[in-house]
Amino acid sequence: MEWFKTKHIHVLEWPSQSPDLNPIENLWQDLKTAVPKRCPSNLTELELFCKEEWARISVSRCAKLVETYPKSLAAVIAAKGGSTKY
């Protein structure tokens, strides 16, 4: 941080546990849950299983994430950036 100060660069404070409001994070978590259950035994299988599980994510799952985004955002704002149930 000192380097930024010496260069007169203003850096925004960013809490280490700040909520990630990007809906894609939910889909990454879906993959992190689904792929290990398939027990890939090598990199080729890992890549294949990732692609297959990604293809299984439904349009309705994505739509639900987009639909609930305003509610998630409002909760984070109400919590002043603190933790929420989302």
Of the criteria (1) more than 16 Å from the chain's Cα centre (by Cα); (2) in contact (Cβ under 8 Å) with a residue 40 or more places away in the chain, which one L73 fails: (1)
Answer residue from region 41-77, given it is of a type in the set (F, W, Y) and over 14 Å from Q29 (Cβ atoms) and is surrounded by the fewest Cβ atoms within 10 Å (Cβ to Cβ) among those: Y69
Condition check for L31: in a helix (DSSP H, G or I), under 30 Å from E13 (Cβ atoms), at pLDDT 95 or above and not β-branched (V, I, T): no
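The values are calculated or read from the model by the stated rules, or taken from the named source; none is laboratory data. What you see is a predicted model, and the numbers here were worked out from it, not measured in a lab. Because the Cβ atoms are built from the backbone with ideal geometry, glycine has one as well, and the counts that use them run over all protein chains shown.
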